[in-house]
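Student: First, the structure itself, so that you have it in front of you.
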Amino acid sequence: MKSIYNKALKLAVPMIIQNGITNMVLLVDNLMVGSLGTEAMSGVSIVGQLMFVFNLAIFGGLSGPGIYAAQYYGKGDREGFRNTFRIKIYICLVCLLGGLFVFSCFGENLINLYLHGESENIDMVLTLSLAKKYLAIMLLNTIPFVITQIYASSLRETGESITPMIAGIVSVVFDIVFNYFLIYGKWVFPRLGVEGAAIATVIARVSECLVVVFWTHIRRDKYDFIKGIYKKILVPWNIAFPIIKKGLPIFLNEFLWSAGIAVLTQCYSLRGPEIIAGFNISNAICNLFNVVFVAMGHAVGILIGQRLGASEYEEAKKDSFALMKFTAFLCIILCVILVAAAGVFPKAYDTSPEVRRMATRFIIITALFFPIQGFLNALYFTLRSGGKTVVTFLFDSVFSWSVAVPVAFVLSYFTGLSIYAIYITVQVIDIIKVMVGYVLINKGLWITNLVDDGHTV
């Protein structure tokens with residue numbers, strides 16, 4: 001059993017480091033932008049929520065081919081792996097064009113959805129103006145981000161997570177340096193404030209993209225799947241169709257789930273404009289910790305997928321239970337640390353005492369549900385590793401839109417409950433998913449070899 005823990009940690013730790021460093025940079029960005037005032041912080045937070053939907057759409061689009069990629073790699077079929085890479089290019093191109101169209105044409109309308117009521121502490125007009133400026137520059141960030149994700153996800157599906165980690169570290173250095181220069185106008189650079197933060201992010205993403213792409217092509221001896229990858233760009237329909245068919249529910253799931261999170265935040269914002277600022281501070285620190293169970297989830301999906309591709313079905317089931325419990329245990333440790341530090345972090349922001357108080361409470365509530373979220377994340381990736389994408393679609397986004405969003409909407413619009421009571425209620429609902437998912441895992445209906453004979457146990 002220790003072997004599977006070691007394998008998971010070997011795969012997850014570089015992802016934890018990479019994502020942790022990335023989120024640490026976002027945290028530093030957040031603090032720097034927060035020093036510009038609550039309006040700047042709120043505007044950037046709103047755009048971040050919108051970009052989150054786009055990012056999750058990309059992750060969702062890549063996840064379908066990723067299921068096959070992990071199993072093709074476990075089987076030793078390199079041409080099959082190359083075809084999954086090519087399919088990723090087409091999927092991401094469609095997502096990229098769609099995202100640019102929506103943000104360019106409807107960006108202001110989307111931002112306005114989060115600006116409700118009046119406040120003595122927050123200037124709504126200024127918040128909207130800053131958010132629009134930030135979004136306009138962040139659109140340039142989407143292109144290098146998409147290219148990086150195509151390459152990095154493929155590398156991870158081979159079990160290689162060091163190169164994306166190194167690229168992430170390079171990105172972090174560029175981001176911190178240029179944030180400092182461009183936000184505050186240091187050295188020879190102009191003081192650009194929020195726009196400077198966006199420009200720094202674009203520079204960082206471009207550097208990350210260049211490292212991942214060039215290193216992958218230079219080391220073709222090691223990453224042999226890249227050999228001849230662009231010599232044949234078309235994928236036979238009999239190969240592409242099953243992958244797209246399996247991947248479409250995952251794409252819809254990630255897109256609708258992230259959109260559901262955005263709608264939940266919009267519902268919460270009805271309790272006052274300070275809510276967005278409070279959640280922004282809370283998310284900045286909580287996201288630094290939740291990289292652990294996010295990375296473990298990806299590791300679970302890859303390891304279980306490789307087991308299934310090698311037709312090791314009993315081992316796959318045994319490992320899935322072990323890794324779910326292991327992830328939950330790690331999250332208990334994270335919960336204790338985060339609760340202990342909840343009151344310290346918000347003090348670093350130049351904002352009102354009310355926003356700091358809200359942020360502290362949101363941090364504590366989020367941390368207390370970390371073990372459930374960690375277990376749930378590992379459970380989700382286990383189901384997905386066997387290609388049960390329709391099940392995960394129903395399990396995740398359909399549940400969110402049919403249960404969590406209506407509950408938050410009704411409580412926010414038609415009751416006088418505090419924002420904390422509403423937030424806790426929405427978190428508690430996820431326990432239902434844990435119970436249902438555990439039953440599905442235990443029955444083993446997810447155990448499928450997609451790249452061999454379609455055998456299901």
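Student: Exactly one condition in (1) open to solvent by 50 Å² or more (accessible area, probe 1.4 Å); (2) within 30 Å of Thr425 (Cβ to Cβ) is not met by Val206; state its number.
Tutor: Exception for Val206: condition (2).
Student: Turning to a different aspect of this structure: Any chance region 184-193 includes a residue that's in contact with a helix residue (DSSP H, G or I) (Cβ under 8 Å, 6 or more places away or on another chain), open to solvent by less than 20 Å² (accessible area, probe 1.4 Å), assigned to a helix (DSSP H, G or I) and not charged (D, E, K, R)?
Tutor: No - not one qualifying residue is present in region 184-193.
Student: Determine whether Ala69 is within 29 Å of Val235 (Cα to Cα), under 17 Å from the mean Cα position of the chain (by Cα) and either open to solvent by 10 Å² or more (accessible area, probe 1.4 Å) or among the small types (Gly, Ala, Ser) (or both).
Tutor: No: the conditions fail for Ala69.
Student: Please state which of the following conditions Ile304 fails to meet, knowing it meets all the rest: (1) part of a helix (DSSP H, G or I); (2) on the phi > 0 side of the Ramachandran plot.
Tutor: (2)
Student: If you don't mind, there's one more thing I want to ask. Considering only region 137-144, I want to know if a residue exists there that is open to solvent by 20 Å² or more (accessible area, probe 1.4 Å), under 29 Å from Ile229 (Cβ atoms) and β-branched (Val, Ile, Thr).
Tutor: Yes: region 137-144 contains one or more residues that are open to solvent by 20 Å² or more (accessible area, probe 1.4 Å), under 29 Å from Ile229 (Cβ atoms) and β-branched (Val, Ile, Thr).
Student: Turning to a different aspect of this structure: Looking at Val235, Val213, Val206, Val177 in this structure, which one is closer than 26 Å to Gln306 by Cβ, out of contact with any Cys (no Cβ under 8 Å at 6 or more places or on another chain) and modelled with pLDDT of 85 or more?
Tutor: Among Val235, Val213, Val206, Val177, only Val213 is closer than 26 Å to Gln306 by Cβ, out of contact with any Cys (no Cβ under 8 Å at 6 or more places or on another chain) and modelled with pLDDT of 85 or more.
Student: Out of Ile244, Ile229, Ile239, Ile233, I need the residue that is among the β-branched types (Val, Ile, Thr), in a loop (DSSP other than H, G, I, E, B), farther than 27 Å from Met24 by Cα and open to solvent by 10 Å² or more (accessible area, probe 1.4 Å). Which one?
Tutor: None of the other options fit; the residue is Ile233.
Student: Follow-up question, since we're still on this one. Does Lys222 satisfy the criteria of being basic (Lys, Arg), open to solvent by 20 Å² or more (accessible area, probe 1.4 Å) and assigned to a loop (DSSP other than H, G, I, E, B)?
Tutor: yes
Yes or no, residue by residue, for (1) under 23 Å from Asn30 (Cβ atoms); (2) more than 20 Å from the chain's Cα centre (by Cα); (3) open to solvent by less than 20 Å² (accessible area, probe 1.4 Å):
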residue: Val263; (1), (2), (3): yes, no, no
residue: Cys267; (1), (2), (3): yes, yes, yes
residue: Asn280; (1), (2), (3): yes, no, yes
residue: Asn287; (1), (2), (3): yes, no, no
residue: Asn290; (1), (2), (3): yes, no, no
residue: Met296; (1), (2), (3): no, no, yes
residue: Ala299; (1), (2), (3): no, no, yes
residue: Leu308; (1), (2), (3): no, yes, yes
residue: Tyr313; (1), (2), (3): no, yes, no
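Student: Hey, among Val410, Val355, Val390, Val405, which residue is over 23 Å from Lys318 (Cβ atoms), without any contact (Cβ under 8 Å) to a residue 12 or more places away in the chain, β-branched (Val, Ile, Thr) and assigned to a helix (DSSP H, G or I)?
Tutor: Val410
Student: Right, another one. Among the residues of region 327-350, is there at least one that is open to solvent by less than 70 Å² (accessible area, probe 1.4 Å), in contact (Cβ under 8 Å) with a residue 60 or more places away in the chain and more than 16 Å from Asn287 (Cβ to Cβ)?
Tutor: Checking region 327-350: not a single residue is open to solvent by less than 70 Å² (accessible area, probe 1.4 Å), in contact (Cβ under 8 Å) with a residue 60 or more places away in the chain and more than 16 Å from Asn287 (Cβ to Cβ).
Student: If you scan region 159-173, which residues turn out to be surrounded by fewer than 19 Cβ atoms within 10 Å (Cβ to Cβ) and on the phi < 0 side of the Ramachandran plot?
Tutor: The initial filter retains those residues of region 159-173 that are surrounded by fewer than 19 Cβ atoms within 10 Å (Cβ to Cβ), namely 159-160, 162, 166, 169-170, 173.
Within region 159-173, Glu160, Ile162, Ile166, Ile169, Val170, Val173 qualify.
The values are calculated or read from the model by the stated rules, or taken from the named source; none is laboratory data. Because the structure is a prediction, the values reported are computed rather than measured. Heads up, the Cβs are rebuilt from the backbone with ideal geometry, glycines too, and the neighbour counts pull from every protein chain shown. Accessible surface is based on the protein model in full, side chains and every heavy atom, while ligands, DNA and RNA are left aside. Shrake-Rupley method; radii C 1.70, N 1.55, O 1.52, S 1.80 Å.
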